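The structure appears right after this line, and notes come after that.
The values are calculated or read from the model by the stated rules, or taken from the named source; none is laboratory data. In this text the structure is predicted, and so the values were computed from the model without any measurement. As a convention, Cβ positions derive from the backbone with ideal geometry for all residues, glycine included, and neighbour counts pool all protein chains shown. The area values use the complete protein model at the heavy-atom level, side chains included, leaving out ligands, DNA and RNA. Shrake-Rupley method; radii C 1.70, N 1.55, O 1.52, S 1.80 Å.
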There are 2 protein chains.
Amino acid sequence: VQRLRLGHSLGQTTLLAGDGALAAAAAELQTWLHGRRVFTLSSSKVRALHGHRLDALTAPAATRVDLDAPDGESAKRVSEAERLWAAMAAAGGKRDSRLITLGGGTIGDLGGFAAGTFLRGIEYAQIPTTLLAQVDAAIGGKTAIDLEAGKNLVGVFHHPTWVVADPAVLETLPLRQRRAGMMEVVKIALAADPALFAALEAAAERLAEGDLDAIAAVIAPAIQAKIRIVEKDPRESHARRALNLGHTLGHALEAADGYATLLHGEAVGWGLRFALRLSARREGSAGARQRALALLSPFPLPALPAVTAEDLWQYMKRDKKGRESGPVWVVPLEVGEAAMVDDFAPDILREELRQFIESESGPRGAASE
Amino acid sequence: VQRLRLGHSLGQTTLLAGDGALAAAAAELQTWLHGRRVFTLSSSKVRALHGHRLDALTAPAATRVDLDAPDGESAKRVSEAERLWAAMAAAGGKRDSRLITLGGGTIGDLGGFAAGTFLRGIEYAQIPTTLLAQVDAAIGGKTAIDLEAGKNLVGVFHHPTWVVADPAVLETLPLRQRRAGMMEVVKIALAADPALFAALEAAAERLAEGDLDAIAAVIAPAIQAKIRIVEKDPRESHARRALNLGHTLGHALEAADGYATLLHGEAVGWGLRFALRLSARREGSAGARQRALALLSPFPLPALPAVTAEDLWQYMKRDKKGRESGPVWVVPLEVGEAAMVDDFAPDILREELRQFIESESGPRGAASE
């Protein structure tokens, strides 16, 4: 089990990652929860699979209140946040009460937002149960809910006190989800960590098969890579924007698709491929492009949704990470190095999108299950 | 015009206070708004009185979108926050968009919360139009909305980039509101600033008459006193709790009263009197108690609501600033010095409440208008 720390303006997050992380965290979490009112947030599906793992941790709490949200994106409605707030108030939640999230990225986002806003912020712990949440969503204090107008439009930066990323909970995670989560690992390696990138190359086939030992070995390094960037730029004003690699197109694809056919990580996978295409226009290294395409090749992706370049362009213009002047692109220059580009001419981008859609139509690799 | 600064973990707030503050702020606010999408939040009443004051400030903005919320506490419903979020998203709000609040404490609380949560936080300015908001609510980054279960149960710490406290906007403020706002000034002086307290004593009669020149003279010192405390303890974990002086009873009175007859400042006025009573039980200085009662005496208060000690006790137990162990009291020890007390025996407190209600029944001083 690796013990990592993420320092932020209000203190620090302690992160435990690797086989046995839950057991290793038990004593400290018990102390943290001792005598407190504790809220746990999960979904009925995840709670059925892994809820028992909370029992030992919360045993010393004065009171424990279990709250469940729906699976998937519908957890992140304003009405769900309001339901949580009301339940926490009704149960007598105080500023020194605690919250634990047990679930994937949507549960973590909702729970983090509720913890960050209830009584102007209570401490919380993230116990992510998907690979994507373990390496990305649970790290760095971003929390959010959705509006009708778009995903993640409302949220706060609120760092958890604890993150426990134990690969044991990934045993129940479908192969397709494992592969989707790996896209965020590839993203951070390509954007910022050449050593991690090389490790991914060395294990690519096993990772693409969803081998849990191979996956377990890259979780802590991926978290560490993200910590380094978040500590440099906690509020995402410069360096942290590199983590948006693959997401400018990815978010637009998800939105244009109505969040119907692609997992988030899969949309990022397509976004990585498009970012590599753009890198050729900004003197990105051809060798880095080749290595990245080779690393991605054993990971199948579902077909691109049937969208036009114009659809995608409209969604990108609304991207919340854009400036008033338009979308910002993260473009790989070398393995481990990316540039932020906000001055692509709209005509060139649309043409690139058209060509990309044309050349990439059809699924990539084996049909995913 | 006094120029003050409040440093916080993400930067600093610049505060301009005194006659002519709006004019003095114009050039800098224009630069801050130049080329941006700007949202203004007010109420129809305040906008009719003072909305024109925004025109020069926002002239260089690329777009200006005016949003109004209801007057009073109903501005702070979850549904109002949701309406603002949706309107900001629909208008294409980005992370570098800006928000300006123009109004009293409820408009500032709602606007600050919307600014603090939209896209995980955009910059905003507070232009408070009540004395209470100028000296207290707009200072220190506390934002909040209400739940059915209680006031201010959901919020974030999100500091404005600018606060402009210009007494010119108080000309339209009713005398009763001026007096209520002064209770927060008395509170901070009694809790933390002996020099301000002496200045209040010297001008007590004029302040109680609502004299705007006298009031204007104490705004900047009151803000400065609050800044000192907030900078010491931004998240209200120790020193800042002193600003809760008068509020443990005050909040319970407001809640037991259904927010019907007392203004917030008036509830705090009653709370200050009760805190002075408790100070006798903790060896608070008798001289300080006499001075504080003398300072408060020219300020009339509406009658205590018809509530029992037991009612109040029930509301206090739910106070969100309490710990799992119960309510925390701020008790004056000297002029400018207060102690946090969390170990009053419940029986003693109930008895003190009973005696207080008995001895203080009926309005204090002249009927307020």
**Request:** Search region B:133-146 for residues being open to solvent by 10 Å² or more (accessible area, probe 1.4 Å) and within 16 Å of B:Pro234 (Cα to Cα), and hand back the single one that is nearest to the other protein chains (Cβ to nearest Cβ).
**Result:** B:Lys142
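With a cut-off of at least 1 residues that are free of Cβ contacts under 8 Å to residues at least 12 places away in the same chain and open to solvent by 30 Å² or more (accessible area, probe 1.4 Å), name the helices (runs of 4 or more DSSP H) lying wholly within region B:227-344.
Details: elements: B:247-256, B:264-279, B:286-296, B:309-317.
Here the list reads B:286-296, B:309-317.
Can you spot a residue in region A:39-60 that is in contact with a Lys or Arg (Cβ under 6 Å, 6 or more places away or on another chain) and within 14 Å of another protein chain (Cβ to nearest Cβ)? Full working, then the answer.
To start, the set of residues in region A:39-60 that are in contact with a Lys or Arg (Cβ under 6 Å, 6 or more places away or on another chain) comprises A:58.
Retained after the next criterion (residues that are within 14 Å of another protein chain (Cβ to nearest Cβ)): none.
The answer is no, given that none of the residues of region A:39-60 is in contact with a Lys or Arg (Cβ under 6 Å, 6 or more places away or on another chain) and within 14 Å of another protein chain (Cβ to nearest Cβ).
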**Request:** Check region B:10-22 and report whether any residue there is more than 21 Å from the chain's Cα centre (by Cα) and within 24 Å of B:Phe113 (Cβ to Cβ).
**Result:** yes
**Fill in**
Restricted to region B:74-125 and to residues being among the basic types (Lys, Arg) and in a helix (DSSP H, G or I), the residue nearest to the other protein chains (Cβ to nearest Cβ) is B:Arg83
**Request:** Collect the residues in region A:153-187 that are out of contact with any Gly (no Cβ under 9 Å at 6 or more places or on another chain) and either modelled with pLDDT under 95 or hydroxyl-bearing (Ser, Thr, Tyr) (or both), keeping them in residue-number order.
**Result:** A:Thr172
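Residues are listed down the side, and each one gets a yes or a no for (1) aliphatic (A, V, I, L, M); (2) free of Cβ contacts under 8 Å to residues at least 12 places away in the same chain; (3) in contact with a Cys (Cβ under 6 Å, 6 or more places away or on another chain):
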site	(1), (2), (3)
A:Glu82	no, yes, no
A:Ile100	yes, no, no
A:Gly111	no, no, no
A:Glu123	no, no, no
A:Ala137	yes, no, no
A:Ile145	yes, no, no
A:Val164	yes, no, no
**Message:** Any residue at all in region B:147-166 that's touching an Asp or Glu at 6+ places or on another chain (Cβ under 7 Å), away from chain A (no Cβ under 12 Å), assigned to a helix (DSSP H, G or I) and open to solvent by 10 Å² or more (accessible area, probe 1.4 Å)?
**Reply:** no
**Message:** Which numbered condition in (1) buried (at least 18 other Cβ atoms within 10 Å of the Cβ); (2) without any contact (Cβ under 8 Å) to a residue 60 or more places away in the chain; (3) closer than 24 Å to B:Tyr259 by Cβ; (4) within 14 Å of another protein chain (Cβ to nearest Cβ) is the only one that B:Arg64 fails?
**Reply:** (3)
**Asked** Is there any pair linking a residue in region B:171-193 that is of a type in the set (Lys, Arg) to one that is open to solvent by 10 Å² or more (accessible area, probe 1.4 Å), with Cβ under 6 Å and at least six apart or on different chains, and which?
**Response** B:Arg176/B:Ser368; B:Arg176/B:Glu369
**Request:** Sort out which residues of region A:103-132 are among the aliphatic types (A, V, I, L, M) and open to solvent by less than 10 Å² (accessible area, probe 1.4 Å), and write them in order of number.
**Result:** A:Ile107, A:Leu110, A:Ala114, A:Ala115, A:Leu119, A:Ile122, A:Ala125, A:Ile127, A:Leu131
**Request:** Spot the failing condition for B:Gln177; the list is (1) open to solvent by 20 Å² or more (accessible area, probe 1.4 Å); (2) under 13 Å from the mean Cα position of the chain (by Cα); (3) within 14 Å of chain A (Cβ to nearest Cβ), and only one is missed.
**Result:** (3)
**Among (1) surrounded by fewer than 16 Cβ atoms within 10 Å (Cβ to Cβ); (2) touching a helix residue (DSSP H, G or I) at 6+ places or on another chain (Cβ under 7 Å); (3) modelled with pLDDT of 95 or more, the one test that B:Gly72 misses** = (3)
